[in-house]
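Report on the following structure.
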C-alpha cells in the first residue's frame, strides 16, 4: 500500500452566513493513496466542493488537519498556499475557466509562468500536454473557438502541464454531453493509472462511479460511506473504461 | 513571475469598444491640458523672443510697461549722448525714442480690440534689428502712414497693404508689412512717433526709449547712470528682462489650465476607475482561476494596473492626435490667437504644440490611468480564490 497522498483528520468547515453558522463539513477523516482515481459524491449541499477546496488549498478548514503531499496546509498564508498549489496541484473546473483572451497553448502555458522554465521549454511542455489530451492541432485557437469538450481537454492539459502530484476536478463532466463526458473520464483515468497521478473528482454523474477506484459519499457535511468504484473493483487495464 | 504583458494588452483590446467612453474622456483631458500648455508656452515664446539682450528699455520710474510710461524730449536728448551707447556708421547713437498707445481697432469680425500702436523714428529699425520690412516700405515721417506687423494683416478692417486702417482720430495708410521672427512686434502697428503723440493728445512726446548698448561697454554702469540721474526719475532694464516680466502675465493662464483641465482629468480618472471596476466585476472568476493556479496578489494587482494604464495610453494617443489636429485647425481657420496681455493690448500668438506640452499631457494621462486603476486593481488582488470561484 503506497503512502497516502492525502490525509484529512477530523476536518470541519463552518461558514458564517449572516447571523447563522453553516456547517459545510463536520469531522471528516479520510486518506487517499497516491495514484488513485477518487470521486466525491453526494447530493447538492453535501460538502463535496468544500472538501475539494480544502484538498486543493483554495480554502482552509475551521478545524482538523489537512495534509497533502506531506504538507500541512492549515497554517499557510494565502500567497504561500498559492505557491504550494502551483507546484503540487492541477485544477480542473466545471466551466473550464480558461482565460478568454489567451490561446489554447497560452492557457496551458499559464501555470508554467510560475516556474523557472524559459519560454522555449514552457511552450514545448505546453505543446506536449496538448498532444496528451489530443488537441495539438488546436493550439492556436481561442477558447471561444473550441467546443465544450475541447475546452475541458485544454483545461486538463493546463492541469497536468506542471506534472503535479494531485489533480483536482470539480464536476469536470457537468457541462458536457455523454460522449464528451466519457472522453474526459477516460482521460482522467489514464492520468491516474498510467501516469500515477492522484485524481480527486467531485461529480453528480452516477455513471462516473464506474470509472473511479474509490467513492466517498457525503451527506449534509458528513462522510457517510466509502466504497470501491468500477475501476477499483476491476483495476481496469491501461486503456481504461467501465467494465 | 508575472503574467505576460500580452494578457493585459489583449484584455484592453477585447474591451476597446466598451471602454471607448473612458478613452474619450481621457483623450479630452489630454486635449485640454496639452492645448492650454501649448498656448502658455507659445505665448511665452513669443514674448520672450521679442527682447534683445543687447538692448535696454528706459521707462519712467515705477512704470512696468511702455503704455503707462512717459518721457520728455529733454530726457531723450540728454540720455542719447550717455557713454556706453552704440553708434551707427554715421556716428549717431542707436537710440529709439518710442510712443506707445493702445487704441481700439475694429477687427474684420466686427469686434473691437486694443492694438499696440508704436510711434517710432527711423532709428527703430536699427535698434530692433530683427524687425524687417517684408512688403512695401517704411513709413515716411509726418505723412499719416503706417507699417503693420505681419500678424495683424487681415485681422483688422483695412489692415492690408495699400488700404487704410482707422484708429485714434484718423485713418492711416498702410505702406509696409514687417516681420520680426514671430515676436510680439508682429502684433503691432508702427507709425511716426510725433504724429501718434499728437493724434493721441499726449502731453509728452515719448513713452520710453529703447537703446543699444555698445559692444564691450559696461551695461550695468549705463543702467546706473540712467537711473541715478536726479533730473528725470527713470529706470532702465535689459529688454529681455522687460519681456520676461510681460510674460509673467501669462501665468494667469495656468489658473485657467487648472480650472479646466483638472476637473476633466478627475472625470477621466473616475471613468478609468469605473471601467476597471467593471472589468474586475466581469472577470471575478478569471481572477479566482489565476489565484487558484498559483498567481500571487501582486501579480494580479500589476496586471490590472497595467490594463488601466493601457486604457489611459490609448486615450493619450487619441488625445495627442486630437490636439495636433486642433492646433493645425486653429492655425488654418482662425490664424493666430489673440491674447490680451496685462497691458490690455492684443498679442497675436501662433499656437504650436511642442514635445514638452505633449510630454506633460502624457504624464497627466498616465497618472489618470494609474490612480484610476489602483482601487479596482487592489480589489481584484484582494479577492479570495474560493469566493471568486464560487461565482462560476
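The values are calculated or read from the model by the stated rules, or taken from the named source; none is laboratory data. All figures in this text were calculated on a predicted structure; none of them were measured in a lab. Cβ placement follows ideal geometry from the backbone for every residue including glycine, while neighbour counts extend to all protein chains displayed.
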*Output yes when any residue across region B:34-48 is within 30 Å of residue B:200 (Cα to Cα), at pLDDT 90 or above and in contact with a helix residue (DSSP H, G or I) (Cβ under 6 Å, 6 or more places away or on another chain), and no when none is.*
no
*Taking region A:46-66 only, how many residues are closer than 14 Å to residue A:201 by Cα, in contact with a helix residue (DSSP H, G or I) (Cβ under 8 Å, 6 or more places away or on another chain) and part of a loop (DSSP other than H, G, I, E, B)?*
1
*Is there any pair linking a residue in region B:296-317 that is without any contact (Cβ under 8 Å) to a residue 24 or more places away in the chain and in the same structural domain as residue B:278 (by TED's automatic domain parsing) to one that is part of a helix (DSSP H, G or I) and surrounded by fewer than 22 Cβ atoms within 10 Å (Cβ to Cβ), with Cβ under 9 Å and at least six apart or on different chains, and which?*
B:296/A:78; B:296/A:79; B:296/A:83; B:296/A:114; B:296/B:381
*asked:* Looking at residue B:296 and the list (1) surrounded by fewer than 22 Cβ atoms within 10 Å (Cβ to Cβ); (2) at pLDDT below 85, which single condition is not satisfied?
replied: (2)
*Return yes when residue B:289 is surrounded by 15 or more Cβ atoms within 10 Å (Cβ to Cβ), within 14 Å of chain A (Cβ to nearest Cβ) and in contact (Cβ under 8 Å) with a residue 24 or more places away in the chain and no when it is not.*
yes
*asked:* Can you tell me how many residues within region A:2-45 are over 17 Å from residue A:222 (Cβ atoms), in a strand (DSSP E or B) and more than 17 Å from the chain's Cα centre (by Cα)?
replied: 3
*Find the helices (runs of 4 or more DSSP H) located wholly in region B:1-108 whose residues include 2 or more that are in the same structural domain as residue B:287 (by TED's automatic domain parsing) and in contact with a strand residue (DSSP E or B) (Cβ under 6 Å, 6 or more places away or on another chain), and list them.*
B:20-48
*Among the residues of region B:303-310, is any surrounded by fewer than 17 Cβ atoms within 10 Å (Cβ to Cβ) and either over 30 Å from residue A:108 (Cα atoms) or touching a helix residue (DSSP H, G or I) at 6+ places or on another chain (Cβ under 9 Å) (or both)?*
no
_Selection status of residue B:324, modelled with pLDDT of 90 or more and within 25 Å of residue B:3 (Cα to Cα)_ = no
*Scan of region B:198-227 for residues that are within 24 Å of residue B:117 (Cβ to Cβ) and not in a loop (DSSP other than H, G, I, E, B), ordered by number*: B:198, B:199, B:206, B:208, B:209, B:210, B:211, B:212
*Has region A:121-140 got at least one residue that is under 22 Å from residue B:383 (Cβ atoms), within 13 Å of chain B (Cβ to nearest Cβ) and surrounded by 16 or more Cβ atoms within 10 Å (Cβ to Cβ)?*
no
*If you go through region A:67-79 one residue at a time, do you hit one that is facing chain B (nearest Cβ under 10 Å), surrounded by fewer than 17 Cβ atoms within 10 Å (Cβ to Cβ) and not in a strand (DSSP E or B)?*
yes
*Got a number for residues in region B:160-192 being surrounded by fewer than 23 Cβ atoms within 10 Å (Cβ to Cβ) and in a loop (DSSP other than H, G, I, E, B)?*
9
*Is it the case that region A:142-152 has a residue that's without any contact (Cβ under 8 Å) to a residue 24 or more places away in the chain and within 13 Å of chain B (Cβ to nearest Cβ)?*
no
*asked:* Every residue in region A:91-108 that is outside any loop (DSSP other than H, G, I, E, B) and either over 17 Å from residue A:133 (Cα atoms) or at the interface with chain B (Cβ under 9 Å from one of its Cβ atoms) (or both), please.
replied: A:91, A:106
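Listed here are the residues, each with its yes/no results for (1) surrounded by fewer than 21 Cβ atoms within 10 Å (Cβ to Cβ); (2) closer than 20 Å to residue B:27 by Cβ; (3) at pLDDT 90 or above; (4) within 14 Å of chain A (Cβ to nearest Cβ).
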| residue | (1), (2), (3), (4) |
| --- | --- |
| B:342 | yes, no, no, no |
| B:345 | no, no, no, no |
| B:360 | yes, yes, yes, no |
| B:384 | yes, no, no, yes |
| B:387 | yes, no, no, yes |
| B:391 | yes, no, no, yes |
